[in-house]
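Trainee: What follows is a structure written as structure tokens; I'll ask about it next.
The values are calculated or read from the model by the stated rules, or taken from the named source; none is laboratory data. The structure presented is a predicted model; accordingly, all values stated were derived computationally and were not measured. We place every Cβ from the backbone using ideal geometry, glycine too, and count neighbours over all the protein chains shown. When the accessible area is computed, the model is the full protein with side chains, heavy atoms only, and any ligands, DNA or RNA have been set aside. Shrake-Rupley method; radii C 1.70, N 1.55, O 1.52, S 1.80 Å.
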Amino acid sequence: MLSESIKATLKDVACQLTSAKKRALTAQVRLDYLSGSARKAETVKGWGRKSVQRGRDTLTSRVPYPDEDVARGRNKWEAVVPHV
């Protein structure tokens, strides 16, 4: 399937990318090397299957999924305690 050197290179590249670019990379790797299978990408590379599928959707439709950075993390204390 994939040699160890290719796996290491893909892991390094994927760690350097974020959000939409990473999803596009995982989808392209899935198509080129893993017979188009998101499950193989999950088992061989450890990438989330849902993320790989979103990358595929982005490649086919050319419309990236919006990043939900605001939904993660803690709210600012000014928003939590507005009367202060």
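Trainee: Over the chain, average the accessible area per residue using a 1.4 Å probe and give it in Å², no decimals.
Mentor: So the chain comes to 76 Å² accessible per residue, rounded to a whole number.
Trainee: Moving on to the next point. Ignoring ligands, DNA and RNA, what percent of the 1.4 Å accessible area of the chain is carbon and sulfur?
Mentor: Solvent-exposed carbon and sulfur of the chain make up 52 percent of the total.
Trainee: In addition: Helix 19-33 sits at what angle to the longest principal axis of the chain, using alpha carbons and giving 0 to 90 degrees rounded to 10?
Mentor: Tilt relative to the chain: about 20 degrees.
Trainee: Among 29-37, 52-60, 13-21, how do they line up by average Cβ neighbours within 10 Å per residue, starting with the highest?
Mentor: 52-60, 29-37, 13-21
Trainee: Kindly give Rg over Rh for the chain, based on alpha-carbon atoms, with the Kirkwood expression for the hydrodynamic radius.
Mentor: For the chain, the value is 1.17.
Trainee: Another question, then. Run lengths n ≥ 4 of DSSP H only: what is the helix-derived mean residue ellipticity at 222 nm for the chain, with -39500 (n - 2.57) per run over all residues, to the nearest 500?
Mentor: Result for the chain, helices only: -16500 deg cm²/dmol.
Trainee: Same structure again: Suppose R0 equals 35 Å; then what is the FRET efficiency for A71 and L31 from their Cβ-Cβ distance, rounded to the nearest 0.05?
Mentor: Here the calculated transfer efficiency is 0.75.
Trainee: Angle check, please: helix 4-16 long axis (alpha carbons) against the longest principal axis of the chain (alpha carbons), in degrees 0 to 90, nearest 10.
Mentor: 20
Trainee: Near K50, which lysines are there with a Cα under 25 Å away, not counting those fewer than 8 places off in the same chain?
Mentor: Partners found: K7, K11, K21, K22, K40.
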